[in-house]
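Participant: Below are the structure tokens for one structure; questions will follow.
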Amino acid sequence: MTEYGKQLGATETNIPGLVVFDLPVHGDSRGWFKENWQREKMTALGLPDFGPVQNNISFNDAVGTTRGIHAEPWDKWVSVATGRIFGAWVDLREGPTFGAVYTTELDPSKAIFVPHGVGNSYQTLQPDTAYTYLVNDHWSPDAAYSFLNLADETAAIEWPIPLADVEISAKDLAHPRLADVTPIPPKKILVLGANGQLGRALRAEYGDVTHIEYADRATLDLASVDLAGARRWRDYGTIINAAAYTKVDLAETAEGRKDAWAANVTGVAALARVATENSITLVHVSSDYVFDGTLDRPYREDDTICPLGVYGQTKAAGDAIVSTVPRHYIVRTSWVIGEGGNFVRTMASLAERGIDPKVVDDQIGRLTFTDDIARGIRHLLDTGAAFGTYNLTGDGEPQSWADIARRVFELTGHDPARVTGVSTEVYFATASSPISPRPRGSVLDLTKIERTGYLPGENRLASYLAG
């Protein structure tokens with residue numbers, strides 16, 4: 001008999017992401033009623049906001065009808081409308097829990113969330129049993145399934161009714177044993193801007209594993225009207241947007257302004273639409289330039305956005321767009337140093353060539369190395385940190401650009417006194433082209449990301465120059 005009056009509750013299983021829910025069923029002599037799926041209440045208990053797009057029903061005449069074990073490339077919310085079923089789930093995903101088994105009985109008062117890649121099978125225990133399942137993708141002939149033999153000795157599922165006595169398809173009986181099943185890789189991660197400084201650091205962090213895809217403007221055009229059909233987006237779990245227009249001063253020109261808005265706003269809006277429609281996590285890299293730099297303390301993630309120049313305005317607009325994506329991380333950073341030309345390499349070159357530079361000494365911040373940004377992004381994704389905005393920079397004592405230049409001179413064996421500190425106004429006084437205003441204070445508060453267990457890297461100038 002269905003148990004009435006349960007409290008809505010969630011129970012984790014030994015398979016990661018496979019969660020059993022008790023459902024309140026309200027019944028009397030007329031029958032019963034339940035909220036079969038209630039987004040607000042259930043997500044509050046930890047159910048992923050998985051974005052179902054289709055509802056299916058499986059009706060079974062006879063006791064013992066057995067189906068599975070099938071692992072689909074979508075998530076499922078399975079519940080019983082009438083009758084009772086025995087369910088068996090086997091983790092067929094890559095990782096340490098590959099082959100793990102969980103079994104339980106389901107009736108109208110119990111439902112289960114099945115993440116993609118977990119094989120599921122059901123055996124009816126009462127006649128005229130119907131169970132429903134919500135899925136977050138439409139069926140496609142191109143979808144990749146994985147199958148496991150119902151009688152696999154390794155899984156050793158204890159079926160209530162022996163398989164020899166049940167209604168079962170020959171196809172289900174012919175599926176491979178666990179030893180012959182190829183583990184299902186995670187959903188794809190797409191890295192955009194793969195040839196830029198951060199893109200190269202992300203490639204070094206993740207490597208060329210099969211589920212990581214790297215793209216640049218030539219292989220994926222965010223301005224294309226066909227972006228929604230450019231990939232089978234439901235196969236992707238994450239997009240990391242490491243592409244951006246970063247020519248801060250050129251953005252103050254008519255042509256640069258157009259390019260900056262196209263890349264940092266219009267392109268980001270197109271990505272946000274794709275991510276939202278396909279339940280993809282969007283990782284977006286932001287900048288200290290969204291602030292005006294006037295605070296006398298490090299900037300927190302929730303401080304008022306007030307950009308000074310065009311570049312900062314486009315980054316702020318991009319942040320606002322990404323914040324509307326249900327699954328998003330905005331990673332705000334500053335003073336980025338990676339492969340290729342950058343401030344540190346320029347100072348080292350000047351030192352070697354005997355040039356004594358004048359360097360700004362009234363802008364204060366911290367250097368951030370691209371490999372630390374890549375490591376931090378991976379940390380947020382791997383740990384499932386709460387979605388939102390995170391400051392991510394190098395750690396250590398804030399410095400001016402002139403302080404950093406002197407340290408570069410010192411580390412390369414030159415006299416740091418050769419560096420002369422000047423104000424921003426003096427430095428740009430003779431500029432012949434438009435100059436973007438800079439925030440004077442670019443120090444970002446790292447408390448929030450540190451609470452997730454991520455430890456920002458200290459100032460690593462010495463090892464960077466040595467490398």
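Participant: Take the conditions touching a Phe, Trp or Tyr at 6+ places or on another chain (Cβ under 8 Å) and either over 18 Å from Phe59 (Cα atoms) or not in a loop (DSSP other than H, G, I, E, B) (or both) and apply them to Pro160. Does it pass?
Facilitator: In short, yes.
Participant: Which of the residues spanning the range 114-145 are more than 19 Å from Thr2 (Cβ to Cβ) and either touching a Phe, Trp or Tyr at 6+ places or on another chain (Cβ under 6 Å) or of a type in the set (A, V, I, L, M) (or both)?
Facilitator: Once the filter is applied, which keeps residues that are more than 19 Å from Thr2 (Cβ to Cβ) and either touching a Phe, Trp or Tyr at 6+ places or on another chain (Cβ under 6 Å) or of a type in the set (A, V, I, L, M) (or both), the range 114-145 yields Val114, His116, Val118, Asn120, Leu134, Val135, Asn136, Asp137, Ala143, Ala144.
Participant: Does Arg460 satisfy being open to solvent by less than 60 Å² (accessible area, probe 1.4 Å) and charged (D, E, K, R)?
Facilitator: no
Participant: Same structure again: Those residues that are assigned to a loop (DSSP other than H, G, I, E, B), in contact (Cβ under 8 Å) with a residue 40 or more places away in the chain and open to solvent by 50 Å² or more (accessible area, probe 1.4 Å), I need them from the range 146-157; list them, please.
Facilitator: Matches in the range 146-157: Thr154, Ala156.
Participant: While we're on this one: For the range 307-335, give me each residue that is part of a loop (DSSP other than H, G, I, E, B) and either surrounded by 23 or more Cβ atoms within 10 Å (Cβ to Cβ) or not charged (D, E, K, R) (or both).
Facilitator: Pro307, Leu308, Gly309, Ser323, Thr324, Val325, Pro326, Ser334, Trp335
Participant: Where the second residue is acidic (Asp, Glu) and the first is under 8 Å from Pro24 (Cβ atoms) and lies in the range 1-13, which pairs have Cβ atoms under 6 Å and are six or more apart or on separate chains?
Facilitator: Listed pairs, sorted by first residue: Lys6/Asp22.
Participant: Return yes when Arg232 is under 29 Å from Gly117 (Cα atoms), open to solvent by 50 Å² or more (accessible area, probe 1.4 Å) and in contact (Cβ under 8 Å) with a residue 60 or more places away in the chain and no when it is not.
Facilitator: So Arg232 fits the description; yes.
Participant: A further question on this structure: Among the residues of the range 46-62 satisfying the criterion of being touching a Ser or Thr at 6+ places or on another chain (Cβ under 6 Å) and not in a strand (DSSP E or B), which is farthest from Gln7 (Cα to Cα)?
Facilitator: Among residues in the range 46-62 that are touching a Ser or Thr at 6+ places or on another chain (Cβ under 6 Å) and not in a strand (DSSP E or B), the one farthest from Gln7 (Cα to Cα) is Gly51.
Participant: Also: Could you check the range 400-419 and list, in sequence order, the residues that are assigned to a helix (DSSP H, G or I) and open to solvent by less than 40 Å² (accessible area, probe 1.4 Å)?
Facilitator: Residues satisfying the conditions are Ala402, Ile404, Ala405, Val408, Phe409.
Participant: Please tell me if Ser286 is farther than 30 Å from Arg418 by Cα, in contact with a strand residue (DSSP E or B) (Cβ under 6 Å, 6 or more places away or on another chain) and of a type in the set (S, T, N, Q).
Facilitator: yes
Participant: In the set Thr97, Thr43, which member is at pLDDT 95 or above, more than 21 Å from Ala164 (Cα to Cα) and not in a strand (DSSP E or B)?
Facilitator: Thr97
Participant: What is the number of the single condition among (1) open to solvent by less than 20 Å² (accessible area, probe 1.4 Å); (2) at pLDDT below 95; (3) of a type outside the set (Lys, Arg); (4) touching a strand residue (DSSP E or B) at 6+ places or on another chain (Cβ under 9 Å) that Ala143 does not meet?
Facilitator: It fails just one condition, (4).
Participant: Could you run through the range 163-179 and say how many residues are loosely packed, with under 15 Cβ neighbours inside 10 Å and either among the basic types (Lys, Arg) or part of a loop (DSSP other than H, G, I, E, B) (or both)?
Facilitator: Residues that pass the stated criteria total 5.
Participant: Suppose we filter the range 379-399 for residues that are among the polar types (S, T, N, Q) and either under 30 Å from Gly46 (Cβ atoms) or part of a helix (DSSP H, G or I) (or both); how many remain?
Facilitator: The qualifying residues number 3.
Participant: Being open to solvent by 20 Å² or more (accessible area, probe 1.4 Å), free of Cβ contacts under 8 Å to residues at least 60 places away in the same chain and either in a strand (DSSP E or B) or closer than 15 Å to Ser140 by Cβ (or both) is the filter here, so list the residues in the range 67-90 that pass it.
Facilitator: Passing the criteria: Ala81, Thr82.
Participant: Within the range 336-352, is there a residue that is within 27 Å of Leu295 (Cβ to Cβ) and assigned to a helix (DSSP H, G or I)?
Facilitator: Yes; the residues of the range 336-352 include at least one that is within 27 Å of Leu295 (Cβ to Cβ) and assigned to a helix (DSSP H, G or I).
Participant: State yes or no: is Asp296 surrounded by fewer than 22 Cβ atoms within 10 Å (Cβ to Cβ), without any contact (Cβ under 8 Å) to a residue 40 or more places away in the chain and of a type in the set (Asp, Glu)?
Facilitator: Criteria not met by Asp296.
Participant: Of all residues in the range 105-131 being assigned to a strand (DSSP E or B) and open to solvent by 20 Å² or more (accessible area, probe 1.4 Å), which is nearest to Val166 (Cα to Cα)?
Facilitator: Once the filter is applied, the top-ranked residue is Glu105.
Participant: What residue, among those in the range 1-60 that are more than 15 Å from Ala111 (Cα to Cα) and of a type in the set (S, T, N, Q), is surrounded by the fewest Cβ atoms within 10 Å (Cβ to Cβ)?
Facilitator: Taking the candidates together, the pick is Ser29.
The values are calculated or read from the model by the stated rules, or taken from the named source; none is laboratory data. None of these values were measured; they are calculated from a predicted model. For neighbour counting, all protein chains shown are included, and Cβ atoms are generated from backbone atoms with ideal geometry for every residue, glycine included. Note: areas computed on protein heavy atoms with side chains; ligands, DNA, RNA excluded. Shrake-Rupley method; radii C 1.70, N 1.55, O 1.52, S 1.80 Å.
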